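The values are calculated or read from the model by the stated rules, or taken from the named source; none is laboratory data. Predicted model, so just to flag it, every value in this text is computed and none were measured. Cβ placement follows ideal geometry from the backbone for every residue including glycine, while neighbour counts extend to all protein chains displayed.
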Amino acid sequence: MNPDNTDASTEPLLAYFDRLIPLDEEEKELVRAKFHPRLFRKRQYVLQEGDLCTQFYFVARGCLRLFKIDEKGNTHILQFAAENYWINDLGSFHSVKPSVLNIDALEDTVVMQISRDDLISLYIQAPKFDRIFRVLLENSFVRLQERLLQNISSTAEDRYQSFLEIYPHLINRLSQVQIAAYIGITPEFLSRLRNRRTKAPKTPKS
């Protein structure tokens, strides 16, 4: 897909929904009517701290990150969202309050976005989407719990292994700085960690 051709981004979203629960033609038309394509250029903000998160984003092409900058200026990445992933600040979106998080584009990124009002309207017009988004939110909550537990009790190596399992498609698309900010370590420590893993003897297969 050409990044400038945002009209082409509806089909990945329809295909995504079809994999969860097949849509009829009327439901597909609702998706086309209520989701709108938007292009974010690399390094462009999608959401800034203090603003309201008014949209739910489905990534059709590219990569976004959800992050927080602490009082010392350190960046903490909560989530990456590449193709077929969803992203927003759920607290701001559902509670209609200023966001405490940021979202920006790590690559030129095409999203399909839906507003809070349009999403509620979609639930009413086609209850199937109420079930779909409930599953999405439940899965998001489970992932958040897992990340909290990891940060409390896991080693840096365990968190790196978890990153590799969750985002194998992003290993060669993200910088060492971005990966380190997600794991919660310095880029230098990540480099040493990778070197240790590279040099570690392989366990022979039985």
Legend entry - Some residue of the range 133-144 being without any contact (Cβ under 8 Å) to a residue 12 or more places away in the chain and not in a helix (DSSP H, G or I): no
Inset, instruction - Go through (1) surrounded by 11 or more Cβ atoms within 10 Å (Cβ to Cβ); (2) at pLDDT below 90 and name the single condition SER206 misses. - result: (1)
Inset, instruction - Six or more apart or on different chains, Cβ under 8 Å: which pairs go from a residue in the range 81-97 that's under 20 Å from VAL110 (Cα atoms) to one that's among the small types (Gly, Ala, Ser) and surrounded by 16 or more Cβ atoms within 10 Å (Cβ to Cβ)? Could you list them? - result: ALA82/GLY62; GLU83/ALA60; GLU83/GLY62; ILE87/ALA81; ASP89/SER99
Legend entry - Where LEU122 falls short, out of the listed (1) assigned to a helix (DSSP H, G or I); (2) in contact with a Pro (Cβ under 8 Å, 6 or more places away or on another chain): (2)
Inset, instruction - Sort out which residues of the range 28-83 are among the polar types (S, T, N, Q) and over 19 Å from ALA181 (Cα atoms), and write them in order of number. - result: THR54, GLN55
Inset, instruction - Take the residues in the range 116-131 that are of a type in the set (A, V, I, L, M, F, W, C) and surrounded by fewer than 17 Cβ atoms within 10 Å (Cβ to Cβ), then tell me which one is nearest to PHE56 (Cα to Cα). - result: ILE120
Legend entry - Candidate set: the range 145-195, residues that are out of contact with any strand residue (DSSP E or B) (no Cβ under 8 Å at 6 or more places or on another chain), in a helix (DSSP H, G or I) and of a type in the set (D, E, K, R); chosen: the one surrounded by the fewest Cβ atoms within 10 Å (Cβ to Cβ): GLU165
